[in-house]
Every structure is written in structure tokens, then in C-alpha cells.
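One structure is given below, encoded as C-alpha cells.
The values are calculated or read from the model by the stated rules, or taken from the named source; none is laboratory data. If you're wondering where the values come from, they're calculated on a predicted model, not measured in any experiment. Cβ: placed from backbone, ideal geometry, glycine included. Neighbour counts: every protein chain shown.
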Amino acid sequence: MTSFEHEPVMLDEILDVLGTVPTGVYVDATLGGAGHATALLERRDDMSLIGIDRDPIARQAASERLARFGNRATVVAGRFDQIAELVAGSGLVATEAGVAPVTGVLFDLGVSSPQLDAAERGFSYRHDAALDMRMNPEDPVSAADIVNTWSHEDLTHLLRDGADERFASRVAARIIDNRPIATTAELAEIVVAAIPAATRRTGGHPAKRTFQALRIAVNEELAQIPTALRDAIDLLAPQGRGAVLSYHSGEDRLVKRAIAEAESGGCTCPPRLPCACGAQKLVTIVPPRQRTASADEQARNPRSTSARLRCFERQAVTSDATSGGAQ
Ligand SMILES: C[S@@+](CC[C@H](N)C(=O)[O-])C[C@H]1O[C@@H](n2cnc3c(N)ncnc32)[C@H](O)[C@@H]1O
């Protein structure tokens, strides 16, 4: 059995939201070690599940864990912005006949604990290793490629936008001065030296933000979210539900925006008037608008402290909207 220890975040809340959907297929777009997936399949023996992950080590661990569910669980390789073609290609969902509609979708964004903890994957400033950070080792660009080739301007943007690094320009300049950089320890040391001593003593490890921003860039984590959520919402059958867990403000902003767009259907009418523009509202929010982990969970699992959960339910397409909307 592959060792893959990752405690699923906000599991009870996700089971509450996705545990009551109409019979069909769950799509876990970020399968990881299949913690959420296992609990969902245990809760609902009338459901099957397609699990997507771009990381071969996660897929191996998930396949072993899900083996006991037989053909109720299918593990597929790919990125979550390919969700539509991966689900269609799995052969599990007969779209036209609607035999097995997709009625639950889960996104648990970001990295898993084993990705951070496996020193050789080069994700963490805590372990010395080659600077890699690729979730899929076959992807073309590693963290070392970025730190050794990007311009000062691009690195500054990356650190500022990807991780709110106050000293982005200074860190970028130090990186460029110290090229070539090959390992996580070298990079961590360079970042520490770039941050003023007074700031270094507050707010966790000084290299944390740089490593987060690099990881997001290497794996194009933010760029894929809007397409993935739009396609996931399109896949869902009426009354199907989606749940999205994000872990930092950059992710949560994109999730919130994608859900808001589906909720309004692109409606351009004044806020307090009934809709007359024919927009098709695709989802309603499953309240509350956003949830956080309980105090108990936050104390038990530090990873959950920054988690934000947003959930929605798919609406049926009305004939009004399909024929051009209310006029
Ligand atoms: C937070 S972990 C999921 C943990 C999982 N919910 C569990 O209970 O074990 C996120 C997983 O999503 C995968 N992942 C992240 N971004 C992805 C993407 N764009 N496409 C496919 N998989 C992705 C990562 O490789 C990782 O295994």
C-alpha cells in the first residue's frame, strides 16, 4: 500500500452538502489520496465516482484506496480544466440518455500534504532538494526554470500577485543576483537574506510566500480555475451540487467570481428589478455563501485554518431562457 497521509478538510461539511444529491456520478476533480472520495462513496452506495488528478503518486494512492469500491470508482489522469473531456472519455456518464448524470462535483484546490512533505518533490523550504514543484513530473516547467530565467519584472509580479509578498522586488533582485539556483535550501536562504531583519521575525517562515507563488506558477494553478468551474457547472444535472475548497485569497477570489457569474447567468438588469434580459441563472448558492472549518478542526489540522468552502446547486434550464428569455 502506498503511504499517502492527507486528512480531508471540512469533510463533515462536504458530506452534508454533497451527501444529499440525486443519484448519479460524483466527479472529484482533485482526487489526491481519495479521502473525500472514499467518504462520499461510503455515504452513498447508489453513487459512482470519477476522480481526476494530475499527480501520478496521488493517483496510485487513490487507486489502492478506492479498489474496494470496484467499478463504482474510476481514477483518471489529467488537469481539472479538462474535466469535460475527461468525464466524457471515462465512459461512465451517458450524457444524451442521462443514464448516469453528474450530480456532485468537488474541487479541493492546491497541494496535498504528501506533495509538501516528500522532500524529493522540491515543494518545501523545510526540506533540501532539487527545486522542482511540479505536481505532474512530465510538465515542462519546474520551479528552477522560473527562478533561473524569468525577468525581474515577471518575478516581481509573480511574488506580489501570487502571494502578496511585500518585498517582491527585493526578493526578485536577490534571486537574479544569485543565479543559478538549483535547490530549495539555496532559494530559501536567498529569500531570507532579501527580507528586512525586523520583518523576518514576524509571520512565519520568510520564504513561505515565495515558495507558494512559485508553486502556483509552476502548476498554473490559478489560470485553470475559471474554465474548470464553468465546465463543471455545465456538467452538473439539475439539483446537482458543487463544493469548492480554496486555501488562499487568490484562489478564493476566482472561485467566488466564477460562482457569481453562474449565479447571475450574466444578467445585465438593474439589481432590484426582475430579470428581463433573458440571462439563464445556472446555479443558486447553498447557504452560507462561504464556510470555514470549525475551531476543533482548525486546532486538529492546521491546513484547514485558511480553508474557505463555497457550495452551489445547479438549476434546471427553463424553456423561457432556451427560447431567448423573458421579453
Ligand atoms: C488538496 S489535494 C486533494 C486531497 C483530497 N481531497 C483528499 O481528501 O485526499 C489536491 C490534489 O489536487 C491535485 N491537483 C491540483 N491542481 C490540479 C489540477 N489543476 N488538475 C488536476 N489535479 C490537480 C493535486 O495533485 C492534489 O493531489
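Observations on the model:
- Any chance Arg303 is part of a helix (DSSP H, G or I), crowded, with 16+ Cβ neighbours inside 10 Å and among the basic types (Lys, Arg): yes
This table checks each residue for (1) modelled with pLDDT under 95; (2) more than 10 Å from the ligand (Cβ to nearest atom); (3) in contact with a helix residue (DSSP H, G or I) (Cβ under 8 Å, 6 or more places away or on another chain); (4) under 20 Å from Ala307 (Cβ atoms).
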| site | (1), (2), (3), (4) |
| --- | --- |
| Phe4 | yes, no, yes, yes |
| Glu7 | yes, no, yes, yes |
| Glu13 | no, yes, no, yes |
| Asp16 | no, yes, no, yes |
| Pro22 | no, yes, no, no |
| Tyr26 | no, yes, yes, yes |
| Ala39 | no, no, yes, yes |
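- Helices (runs of 4 or more DSSP H) lying entirely in the range 47-140 (those with 3 or more residues that are out of contact with any His (no Cβ under 9 Å at 6 or more places or on another chain)): 56-66, 83-89
Residues are listed down the side, and each one gets a yes or a no for (1) more than 19 Å from the chain's Cα centre (by Cα); (2) modelled with pLDDT of 95 or more; (3) within 16 Å of the ligand (Cβ to nearest atom); (4) not in a helix (DSSP H, G or I):
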position: Ile146; (1), (2), (3), (4): yes, yes, no, no
position: Asp154; (1), (2), (3), (4): yes, yes, no, no
position: Asp161; (1), (2), (3), (4): no, no, no, no
position: Ile175; (1), (2), (3), (4): yes, yes, no, no
position: Leu214; (1), (2), (3), (4): no, yes, yes, no
position: Ala228; (1), (2), (3), (4): no, yes, yes, no
position: Asp231; (1), (2), (3), (4): no, yes, yes, no
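- Ala34 being small (Gly, Ala, Ser), under 27 Å from Val283 (Cα atoms), crowded, with 23+ Cβ neighbours inside 10 Å and in contact with a strand residue (DSSP E or B) (Cβ under 9 Å, 6 or more places away or on another chain): yes
- Residue match in the range 95-107 (condition: under 20 Å from the mean Cα position of the chain (by Cα), within 13 Å of the ligand (Cβ to nearest atom), in contact (Cβ under 8 Å) with a residue 40 or more places away in the chain and over 22 Å from Ser294 (Cβ atoms)): yes
- Pair list, Cβ < 6 Å and 6+ apart or interchain, from the range 164-193 residues that are assigned by TED's automatic domain parsing to the domain that holds Pro206 to residues that are charged (D, E, K, R) and buried (at least 22 other Cβ atoms within 10 Å of the Cβ): Glu165/Arg209
- The residue that is nearest to the ligand (Cβ to nearest atom), among those in the range 233-255 that are touching a Gly at 6+ places or on another chain (Cβ under 9 Å) and among the charged types (D, E, K, R), is Glu251.
- Among the residues of the range 67-88, just one is within 13 Å of the ligand (Cβ to nearest atom) and of a type in the set (Lys, Arg), namely Arg79.
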